[in-house]
1. Within the set of pairs 6 or more residues apart or between chains, which connect a residue that is within 16 Å of B:Phe251 (Cα to Cα) inside region B:35-57 to a residue that is outside any helix (DSSP H, G or I) and at pLDDT below 95 with Cβ atoms less than 9 Å apart?
2. Restricting region A:105-122 to residues that are assigned to a loop (DSSP other than H, G, I, E, B) and either within 14 Å of chain B (Cβ to nearest Cβ) or hydrophobic (A, V, I, L, M, F, W, C) (or both), which is most open to solvent (accessible area, probe 1.4 Å)?
3. For B:Ala150, work out the one condition from (1) open to solvent by 60 Å² or more (accessible area, probe 1.4 Å); (2) assigned to a helix (DSSP H, G or I); (3) without any contact (Cβ under 8 Å) to a residue 60 or more places away in the chain it doesn't fulfil.
4. Looking only at region A:59-101, how many residues end up being surrounded by fewer than 24 Cβ atoms within 10 Å (Cβ to Cβ), within 12 Å of ligand 1 (Cβ to nearest atom) and not in a helix (DSSP H, G or I)?
5. Of everything in region A:123-136 that's surrounded by 22 or more Cβ atoms within 10 Å (Cβ to Cβ) and away from ligand 2 (no atom under 16 Å from the Cβ), which residue is nearest to the other protein chains (Cβ to nearest Cβ)?
6. Going through region A:64-87 one residue at a time, which ones are among the small types (Gly, Ala, Ser) and under 26 Å from A:Gly124 (Cβ atoms)?
7. Return the total of residues in region A:241-257 being away from ligand 1 (no atom under 16 Å from the Cβ) and either modelled with pLDDT of 95 or more or surrounded by 24 or more Cβ atoms within 10 Å (Cβ to Cβ) (or both).
8. Give A:Leu186, A:Leu211, A:Leu197 a once-over and let me know the one that is among the aliphatic types (A, V, I, L, M) and within 12 Å of chain B (Cβ to nearest Cβ).
Amino acid sequence: MPISNHAFGTIEASVYAPEIFAQGLPAAQRQAHGDRPRQLAAEDAAPLLALEGIGLSFGGVVALADVDLSVRPGEIRAIIGPNGAGKSSLINVISGVYRADRGHVRLYGARYAQVPTQRLAHLGVARTFQNLALFKGLSVLDNVASGLAYRTRSNFAGQILGVGRTRREQQEQRGRADQVLEFLHLTDVRDRLAGTLPYGLQKRAELARALVAEPRLLLLDEPMAGMTAGEKSEMAAYVRAARDRFATTVVLIEHDVGVVMGLSDRIAVLDYGRKIADGTPDEVRNDQRVIDAYLGVASDNEEGAGI
Amino acid sequence: MSAIATQLSPAAALPKWLAPLLLIAFAYVVIPLIGNSYLFEAILLPFLALSLAGVGLNILTGYAGQVSLGSAAFMAAGAFAAYNFNLRIEGLPLVASIILSGLVAAAIGIVFGLPSLRLKGFYLAVSTLAAQFFVQWALTKFSWFSNNSASGVIDAPKLSIAGFEFDGAVGRYLFALTVVVVLTFLAHRLVTSQTGRNFIAIRDNDTAARIIGIPVLKTKLLAFAISSFIIGVAGVIWAFAYLRTVEPAGFDLDRSFQILFIIIIGGLASIRGAFLGAALIVVFPLVLSRLGGFLLGDLFDSGVLDMSQRIVLGALIILFLILEPDGLVALWDRVRRRLTLAWQSS
Ligand SMILES: Nc1ncnc2c1ncn2[C@@H]1O[C@H](COP(=O)(O)OP(=O)(O)O)[C@@H](O)[C@H]1O
Ligand SMILES: [Mg+2]
């Protein structure tokens, strides 16, 4: 896996770029926790999310076998592994898109055999998809505002007639969407149809749609896939800034090991549906099984800053 | 590019509602003055009924992405419900029986929309055929629906609202126009509301829609209900204002396809598209028969006309699907943009 030192350097630089932190964001009540997550992650906090003995197969294909995973509040938790290792399946199990054959998901202490997808947003979980999943026929603004659709209280009749709370509700949702668009530097494209954006911006717009709900848990399935090195480091900066701003816990799937090492607090490594390593970036980097299975010849990366 | 063009265009400076408002004023004031009964009976009345049906189907298919081949069934349900409400409830105002008949069509729409909770695309389209066949069967089988009339063909009641009689071709035109304007306005409000955006979200990616908390099942059924309501009222206009009779035969599968073609040719997910598509579908056979008669004389009888209509229409649909999947609306917008640009540079 090629690692770009340059890209990694840019991440560090832009993560701490003052203009990102200077953005005003709606989550006033969460700003107080702005610097807590890192500290929490370091301690032994009760897990926000725990997978226990998850098994999942499709026909004869074992996608996941006896996977345990715990995610602490406020951490950026990466899941890496080669193609087909079961990373997306894991996120699909967490978000209830798939039902695990074995095991269960513990979310804020509650235990689920299958997480109720239609209540996911209410539970404070948001996610993005490996393949673009924006609503192509809606503007970027409406896509992002739709991330708040679960809070809509008005019904269609009220909306048609424009009575009662509908107007206020819409203004409020668009206002929040606009703030997130500004945070992710998408304001310039806010009125464009989502389907007409270049790939990298669509990925970012999907992150915006997930963030607007201010989720407690954010699941990102390869948010930087197919991006240039520059775009990747930008995206990494946004992910970290989002975590710091919203005190959101992040589960991140990413192929680029360099990006992952710099960004995450802990990393789990999957291979053929099994978890073969789990630990801090340093621990994972030096794990012989990981090196064999995934990282390839370690000496290639010795001088790399990211690994 | 398109964004720049719209910014430059002087039309963009005008409020959006101006063009529709002028069009409506024209339809109310000028057309009744200049139109003859042929225009009303053969062109405008079927145009209005089919446009409204197109608007209804577009909500379901264009916006919410649920393909339906049952439109004519919902038209029939609306027409027969209105007839029976009018017949069996003494003194029920026409407006009330129209609304009630829309609700009946909506209820039937919800029932036949239930398969959409499990089926998609082609399979859903096939399952909506069930509505088509079931409704037609029930209406022919149970003569109660047509008040035990021997022929199954029944005369529609007179159109009057609050003592005002909509008599003659012009009267029926104004009646149909009013219903279409009101429902189209409400449909426009709907598709630009949160609910309309939820429809689009479900159409574009229903997994993502479910994840962000849009109630997918409820919203799909709502799309079926609202769409069927509008199509049901279109059926009332078709029977009461255009044909003046109520009979199941006019609401067959051909009609369902016709409405589907209207929104494909006009433009999916566009209210204007339903009107453009309906205009083409209504005017095109008339033009074709004139043209055929002119070119071929007596050889061009009704059989040839019918066949050539089907062939040309089929070709048109294929052409649109390949060359202009966004329909007449997209074509129209492109031409208008070109014209504005040309006008500016001159
Ligand atoms: N919906 C599905 N149907 C059938 N097989 C699937 C499905 N989803 C995943 N798989 C299989 O499960 C395995 C893991 O896939 P995935 O979770 O997408 O891996 P990754 O995201 O790590 O690349 C693969 O062998 C894949 O083919
Ligand atoms: Mg994957």
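1. Every condition considered, the pairs that remain are B:Leu57/B:Ser68.
2. Only one residue fits best here, namely A:His122.
3. (2)
4. 11
5. Restricting to residues being surrounded by 22 or more Cβ atoms within 10 Å (Cβ to Cβ) and away from ligand 2 (no atom under 16 Å from the Cβ), the top hit is A:Phe135.
6. Across region A:64-87, the qualifying residues are A:Ser70, A:Gly74, A:Ala78, A:Gly86.
7. 5
8. Selected residue: A:Leu211, the only one of A:Leu186, A:Leu211, A:Leu197 that is among the aliphatic types (A, V, I, L, M) and within 12 Å of chain B (Cβ to nearest Cβ).
The values are calculated or read from the model by the stated rules, or taken from the named source; none is laboratory data. Quantities reported herein were computed from a predicted structural model and do not represent experimental measurements. So basically every Cβ, Gly included, is an ideal-geometry build from the backbone, and we count neighbours across all protein chains shown. For the accessible areas, the whole protein counts, side chains as well, though only heavy atoms, and no ligand, DNA or RNA atoms are used. Shrake-Rupley method; radii C 1.70, N 1.55, O 1.52, S 1.80 Å.
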